[in-house]
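Participant: Mind having a look at this structure? Questions to follow.
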Amino acid sequence: MKRVLITGGGTGGHVFPGIAVAQELLKKGGIEVLFVGKKNGSEVKWVADAGLTFKGIRASGFPRSLSLKLFTFWVDLGLGLYEASKLVNEFQPSVVFATGGYVSVPVSVVAAIKGVPVALLEPNVVPGWAARILALFSKKVFVGFEKTTASFSKGKTQWTGIPVREQIMTADKSQSLKSFKLEPSTTTILMMGGSQGAHVLNQYMTDVIEQLGQGFHKVQVIMMTGWSDYQKIVDRLEKCPLKVVLRPFIGNIHEAYAAADLIVARSGALTCAESLNRALPAVFIPYPHASGHQEMNARALETAGSAVVITEKQLEDEKLMQTLDGMLSDPSQLKAMGEKAGKLARPQATAEIVKVLLELTEKRKTA
């Protein structure tokens, strides 16, 4: 029995690629998968919902300023290393697949010290500190963007793209529109501020929906608000003439992508990959406090012609409405951007990574 330990957490971008790989591994049979994340992290529910086995360890990010968190970081790291060592001893993995986030550091380091091959996924254009550390312990590094290959050792780096859950790639557009009770002949805009919502984006997105409701364009909107702003936005848009589907969280996100003709969202690596796999033109508004990761992701797609990037500062100048007005007024531009997005997609990412992981397990057997 081959055993694959997958570790990552913190954000959807560090969890759902691991889930996609786990599901593909389990399809093959004769493989046991364990997902290790942070105790009480968001990944606990996401992994459970996917029907996977989960174990949690202590973990916290390195604080960026002097505070009590600096002390708790070292305590969590020490306990995390102990708990990770215990899990690795118990599970006896054939290979470890790290999808990023600080929780993956202790697991990967312990596994490498014990002689278990580690493979790392770096989904962002610019690697974070955790990825740079983990790369030193990894036999293989998978990257989401081609230009990221230059950030790691050439001999062990492979551009695969980012694993995306199969249902996102295969969801039927017609059925998805019916699921949201939307019209097939009307342009659908998907607006998202991330799984937790983003207050700043919610404000400006709601402004834009109200302006679009004045009859500038024939559109309908699916908007994920997060929980904190949901009721306020429901009340504010109660009399909006547009068809607007508001959800605090979209559990059937695969259908939201399938129903959409255009997406407005943050530019986390996973959102970028999912929009490409659905061949969606995009307006990306990068989260400004993510060490520049999101803006670099978005700029790469803007350069390739599949997206337009707006900074949060530019939102104050009604840049979002101006951009959408221009795109919706030119269907040929939307079509061209969507075609470019489709060409940038890497739908084979999951299969490529699974193939390498299984090869690493075989190499360990013969070592």
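Participant: Within region 123-140, how many residues turn out to be assigned to a loop (DSSP other than H, G, I, E, B), surrounded by 23 or more Cβ atoms within 10 Å (Cβ to Cβ) and out of contact with any Gly (no Cβ under 6 Å at 6 or more places or on another chain)?
Facilitator: Step one: filter region 123-140 for residues assigned to a loop (DSSP other than H, G, I, E, B), giving 123-128, 138-139.
Still in the running and surrounded by 23 or more Cβ atoms within 10 Å (Cβ to Cβ): 123-125, 138.
Narrowing further to those that are out of contact with any Gly (no Cβ under 6 Å at 6 or more places or on another chain): 124-125, 138.
So the answer is 3.
Participant: Also, quick follow-up: Is there any pair with a first residue in region 71-87 that is of a type in the set (Asp, Glu) and a second that is open to solvent by less than 50 Å² (accessible area, probe 1.4 Å) whose Cβ atoms are under 7 Å apart and which are 6 or more apart or on different chains, and what are they?
Facilitator: 76/59; 76/60; 83/57
Participant: (1) at pLDDT 95 or above; (2) touching a Gly at 6+ places or on another chain (Cβ under 6 Å): which one isn't true of residue 273, the others all being true?
Facilitator: (2)
Participant: Now for a different question. Here is a list: 366, 361. Which entry is at pLDDT below 95 and either touching a strand residue (DSSP E or B) at 6+ places or on another chain (Cβ under 9 Å) or open to solvent by less than 30 Å² (accessible area, probe 1.4 Å) (or both)? Spell out the reasoning first.
Facilitator: On the way: 366 fails: either touching a strand residue (DSSP E or B) at 6+ places or on another chain (Cβ under 9 Å) or open to solvent by less than 30 Å² (accessible area, probe 1.4 Å) (or both).
On inspection, the qualifying residue turns out to be 361.
Participant: Show me the helices (runs of 4 or more DSSP H) entirely contained within region 266-316 in which 3 or more residues are open to solvent by 50 Å² or more (accessible area, probe 1.4 Å) and of a type outside the set (Val, Ile, Thr).
Facilitator: Details: elements: 269-277, 293-304, 312-315.
In region 266-316, the matching helices (runs of 4 or more DSSP H) lie at 293-304.
Participant: Can you tell me which residues in region 251-260 are surrounded by 20 or more Cβ atoms within 10 Å (Cβ to Cβ) and of a type outside the set (Gly, Ala, Ser)?
Facilitator: Result: 253, 254, 255, 257.
Participant: Right, residue 174: in contact with a strand residue (DSSP E or B) (Cβ under 8 Å, 6 or more places away or on another chain) and not charged (D, E, K, R) or not? Walk me through it before giving the result.
Facilitator: Working: in contact with a strand residue (DSSP E or B) (Cβ under 8 Å, 6 or more places away or on another chain): no; not charged (D, E, K, R): yes.
No; evaluated as a whole, the condition is false for this residue.
Participant: Now a separate question. Only one of 344, 358, 320, 324 is farther than 15 Å from residue 158 by Cα, touching a His at 6+ places or on another chain (Cβ under 9 Å) and touching a residue at least 24 places away in the same chain (Cβ under 8 Å). Can you tell me which?
Facilitator: On the way: 344 fails: touching a His at 6+ places or on another chain (Cβ under 9 Å); 358 fails: touching a His at 6+ places or on another chain (Cβ under 9 Å); 320 fails: touching a His at 6+ places or on another chain (Cβ under 9 Å).
Matching residue, one of 344, 358, 320, 324: 324.
The values are calculated or read from the model by the stated rules, or taken from the named source; none is laboratory data. Note that the structure is predicted; figures quoted are calculated from it, not measured. Quick reminder, even Gly has a Cβ in these numbers, built from the backbone with ideal geometry, and neighbours come from all protein chains shown. Remember, those area values only see protein heavy atoms, side chains included, never the ligands or the DNA or RNA. Shrake-Rupley method; radii C 1.70, N 1.55, O 1.52, S 1.80 Å.
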